[in-house]
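The values are calculated or read from the model by the stated rules, or taken from the named source; none is laboratory data. No experiment lies behind these values; they were computed from the predicted model shown. Because the Cβ atoms are built from the backbone with ideal geometry, glycine has one as well, and the counts that use them run over all protein chains shown.
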């Protein structure tokens, strides 16, 4: 606190009460009454009592020359007693007098950012008090560029900014997440914050919490980046944009980066988290790792590696899970007799497999008779459209089209929504011969599928057991 020099001889008579104040300062309280009121407040040993006395002093002397040091002491008092509301008001008042006061900025940002987070809806992840979020972020941005005060040494300023800047970056990131839902910006701001920490400082406390927050943001960002991959892939397939392939490559790299960073940060946080929190973190870690890799193989090594650095090192990679086409190829390679595949698996191969793999299977299927169990989607006297796979049933779309060998009567046409079964399950059973297939590309809302056409279809009904007539009763001979 800046010291006071008193010009009045009368006031100097009581200077022994505030001897520490009488050093190297140009501020002068000329009114003895004002000085006595100040001195009475300053000599209070209890922070709560001192804060009350200084509030009274400022009400009595709003234009006092010692307003700045008094407001600084008020901020300190409210910080000591944990009175957030008054700490915010005192910090706000201090900033009106000293707009670049970093301590007041930090206290204001911390309180407003906390108000923002307290208003977040657990279901939507959106803050109700977006104004508090925005105010905290705006003030935090100012705090990051305030100049060093002339009377503060370079070493002291370095210490103060090292303590303050992470909190300011965190408030900006919180505004990105909870008010603006701008996860891309949040990644930048959380990374800026974490780069201010040493690796050891992120093993506990706020550094560990912010590492988890960044992992969560990467996890939120991934679905949007995955959608960008889908859009870019469609543009490449359309062949109308010469830059489409580069856009696809960039989108894939961005999506892969989301996975790697989320997995790395979840693994690091899991390693250092208190035992009571490891379970919920591990659930997320396992999910994202297996989603990208296809299994949990290799995860222990990632956990160990992530303990050494905050972010993944250059060259860090995780083997991606096999693509659907690769999985299909493996099925074909490991199945000696392709005719033994289940009907749904055969359609999976035709839908997701490469053209060569699909044609290889179709060569085995074509002109072979097969039962077609499923749900009737559409029916006429000459054609039945049936949903066979679970995906087709849920979407209520036909993946098998059966052209009948002999037209049905109107009475014989199966009802839409009725089930066709195997004879071993009680029937009725639809049988037909494979004729042709068409691969149907995926869309933004549905994956690839195959439309299979069969010919010479016919329906088998389970034969009713014959009605057995009772045997004639045996009558004994009359005697």
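Could you tell me which of the residues 224, 253, 179 is touching a strand residue (DSSP E or B) at 6+ places or on another chain (Cβ under 9 Å) and in a helix (DSSP H, G or I)? Break it down stepwise before answering.
Working: 224 fails: touching a strand residue (DSSP E or B) at 6+ places or on another chain (Cβ under 9 Å); 253 fails: touching a strand residue (DSSP E or B) at 6+ places or on another chain (Cβ under 9 Å).
That would be 179, the only listed residue that is touching a strand residue (DSSP E or B) at 6+ places or on another chain (Cβ under 9 Å) and in a helix (DSSP H, G or I).
Residues checked against (1) assigned to a helix (DSSP H, G or I); (2) under 33 Å from the mean Cα position of the chain (by Cα); (3) under 23 Å from residue 168 (Cα atoms):
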residue: 55; (1), (2), (3): yes, no, no
residue: 62; (1), (2), (3): no, no, no
residue: 91; (1), (2), (3): yes, no, yes
residue: 94; (1), (2), (3): yes, no, yes
residue: 103; (1), (2), (3): yes, yes, yes
residue: 107; (1), (2), (3): yes, yes, yes
residue: 110; (1), (2), (3): yes, yes, yes
Would you check if residue 50 is part of a helix (DSSP H, G or I), crowded, with 17+ Cβ neighbours inside 10 Å and at pLDDT 95 or above? yes
On the given criteria, is residue 349 outside any loop (DSSP other than H, G, I, E, B) and surrounded by fewer than 17 Cβ atoms within 10 Å (Cβ to Cβ)? no
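Counting only residues that are outside any helix (DSSP H, G or I) and surrounded by 16 or more Cβ atoms within 10 Å (Cβ to Cβ), how many does segment 384-396 have?
Selection size over segment 384-396: 6.
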For segment 129-151, what are the residues that are free of Cβ contacts under 8 Å to residues at least 24 places away in the same chain, surrounded by 14 or more Cβ atoms within 10 Å (Cβ to Cβ) and part of a loop (DSSP other than H, G, I, E, B)? 129, 148
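Which residues, counting only those in segment 292-314, are farther than 24 Å from residue 206 by Cα and without any contact (Cβ under 8 Å) to a residue 24 or more places away in the chain? Break it down into steps so the answer makes sense when it comes.
Quick first cut of segment 292-314, residues farther than 24 Å from residue 206 by Cα only: 292-301, 314.
Correct list: 296, 297, 298, 300, 301, 314.
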Among the residues of segment 333-346, the number that are part of a loop (DSSP other than H, G, I, E, B) and over 38 Å from the mean Cα position of the chain (by Cα) is 4
Which count do you get for residues in segment 405-424 that are touching a residue at least 12 places away in the same chain (Cβ under 8 Å) and either outside any loop (DSSP other than H, G, I, E, B) or at positive phi (or both)? 6
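For segment 98-127, give me each residue that is more than 27 Å from residue 76 (Cβ to Cβ) and surrounded by 15 or more Cβ atoms within 10 Å (Cβ to Cβ). Reasoning before the result, please.
So in segment 98-127, the residues more than 27 Å from residue 76 (Cβ to Cβ) come out as 119-127.
Passing the criteria: 119, 120, 126, 127.
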Considering each residue of segment 423-438, count those that are under 13 Å from residue 462 (Cα atoms) and surrounded by 14 or more Cβ atoms within 10 Å (Cβ to Cβ), and give that number. 5
Which of the numbered conditions does residue 253 fail, given that it passes all the others? Conditions: (1) surrounded by fewer than 17 Cβ atoms within 10 Å (Cβ to Cβ); (2) modelled with pLDDT of 90 or more; (3) assigned by TED's automatic domain parsing to the domain that holds residue 212; (4) within 30 Å of residue 348 (Cα to Cα). (2)
Hey, among 102, 88, 94, which residue is over 26 Å from residue 180 (Cβ atoms) and in contact (Cβ under 8 Å) with a residue 12 or more places away in the chain? 94
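Looking at residue 242, is it part of a loop (DSSP other than H, G, I, E, B), in contact with a helix residue (DSSP H, G or I) (Cβ under 8 Å, 6 or more places away or on another chain), modelled with pLDDT under 95 and farther than 30 Å from residue 280 by Cα? It would help to see each step written out before you state the result.
On the way: part of a loop (DSSP other than H, G, I, E, B): yes; in contact with a helix residue (DSSP H, G or I) (Cβ under 8 Å, 6 or more places away or on another chain): no; modelled with pLDDT under 95: yes; farther than 30 Å from residue 280 by Cα: yes.
No; evaluated as a whole, the condition is false for this residue.
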